[in-house]
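*Asks:* Below is a structure I'd like to ask you about.
The values are calculated or read from the model by the stated rules, or taken from the named source; none is laboratory data. What you see is a predicted model; the values in this text were computed from it and never measured. Cβ atoms come from the backbone with ideal geometry, glycine included; neighbour counts cover every protein chain shown. Note: areas computed on protein heavy atoms with side chains; ligands, DNA, RNA excluded. Shrake-Rupley method; radii C 1.70, N 1.55, O 1.52, S 1.80 Å.
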Amino acid sequence: DAGVIQSPRHEVTEMGQEVTLRCKPISGHDYLFWYRQTMMRGLELLIYFNNNVPIDDSGMPEDRFSAKMPNASFSTLKIQPSEPRDSAVYFCASSLDTQYFGPGTRLTVL
Amino acid sequence: AQTVTQSQPEMSVQEAETVTLSCTYDTSENNYYLFWYKQPPSRQMILVIRQEAYKQQNATENRFSVNFQKAAKSFSLKISDSQLGDTAMYFCAFMKREYNFNKFYFGSGTKLNVKP
């Protein structure tokens with residue numbers, strides 16, 4: 001298996017622009033997680049899905065953030081409009097009972 | 001309340017020596033899973049080892065082993081024969097069923113520096 005796939009690996013954008021991060025989970029996994037990691041706040045859970053249904057989005061910082069999982073093999077995390085404080089590494093992970101992480105997307109908002 | 005506690009923010013060890021990273025967790029459940037993840041400077045989160053709570057035998061993966069003390073709710077990671085490539089952030093994590101869903105909790109991490 002190729003593992004969890006994330007794209008893009010790096011994204012540099014300007015404040016106010018829309019950013020879309022993509023994730024392909026490991027085939028057969030029924031959970032998908034989106035995390036954000038910064039030096040200041042550490043690893044934060046943003047949202048997670050079970051069988052494509054959002055279960056807990058209490059970690060989504062504000063309405064500028066949205067996540068979707070239209071099918072079992074694809075999820076997106078969208079930030080619109082982006083702000084400099086959104087700069088972070090965003091991880092996607094999938095699981096049955098063990099989480100496996102993607103390589104992350106390093107987002108820089110100028 | 002912190003569900004997973006890693007009390008050592010940073011540690012150092014000489015190459016080839018043994019180091020133990022501590023982790024405690026809080027739960028009233030009897031069935032759960034515990035994990036250690038490694039995050040090297042590349043930022044990739046890598047699963048190091050996992051332990052099912054119902055198994056009494058401590059999990060081992062090559063140079064990595066755990067000391068799982070269920071009654072004490074302790075799950076420490078021992079790295080033997082430390083190598084420079086072990087330099088990384090290490091996260092302890094815990095998974096239990098909560099409201100019919102798997103819920104994961106992560107500690108704040110321990111930064112390990114292996115010195116030559």
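Each row is one residue, and each column tells you yes or no for (1) closer than 27 Å to A:Thr38 by Cβ; (2) surrounded by fewer than 15 Cβ atoms within 10 Å (Cβ to Cβ); (3) modelled with pLDDT of 95 or more.
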position	(1), (2), (3)
B:Thr3	yes, no, no
B:Ser28	no, yes, no
B:Ile49	yes, no, yes
B:Arg63	no, yes, yes
B:Phe68	no, no, yes
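*Asks:* Any residue at all in region B:71-88 that's open to solvent by 50 Å² or more (accessible area, probe 1.4 Å), closer than 26 Å to A:Thr38 by Cβ and either assigned to a strand (DSSP E or B) or more than 10 Å from chain A (Cβ to nearest Cβ) (or both)?
*Replies:* Yes, there is a match, as at least one residue in region B:71-88 is open to solvent by 50 Å² or more (accessible area, probe 1.4 Å), closer than 26 Å to A:Thr38 by Cβ and either assigned to a strand (DSSP E or B) or more than 10 Å from chain A (Cβ to nearest Cβ) (or both).
*Asks:* Okay, moving on. Among the residues of region A:80-110, write down those that are in a strand (DSSP E or B), under 10 Å from the mean Cα position of the chain (by Cα) and touching a residue at least 60 places away in the same chain (Cβ under 8 Å).
*Replies:* A:Tyr90, A:Phe91, A:Cys92, A:Ala93, A:Thr105
*Asks:* From the residues in region A:45-63 that are open to solvent by less than 60 Å² (accessible area, probe 1.4 Å) and of a type in the set (A, V, I, L, M, F, W, C), which one is farthest from the other protein chains (Cβ to nearest Cβ)?
*Replies:* Result: A:Met60.
*Asks:* With respect to A:Ser66, determine if the residue is open to solvent by 30 Å² or more (accessible area, probe 1.4 Å), more than 9 Å from every other protein chain (Cβ to nearest Cβ) and assigned to a loop (DSSP other than H, G, I, E, B).
*Replies:* no
*Asks:* Moving on to the next point. Out of (1) touching a residue at least 60 places away in the same chain (Cβ under 8 Å); (2) surrounded by fewer than 13 Cβ atoms within 10 Å (Cβ to Cβ), the odd one out for A:Ala2 is which?
*Replies:* It is condition (1) that A:Ala2 fails.
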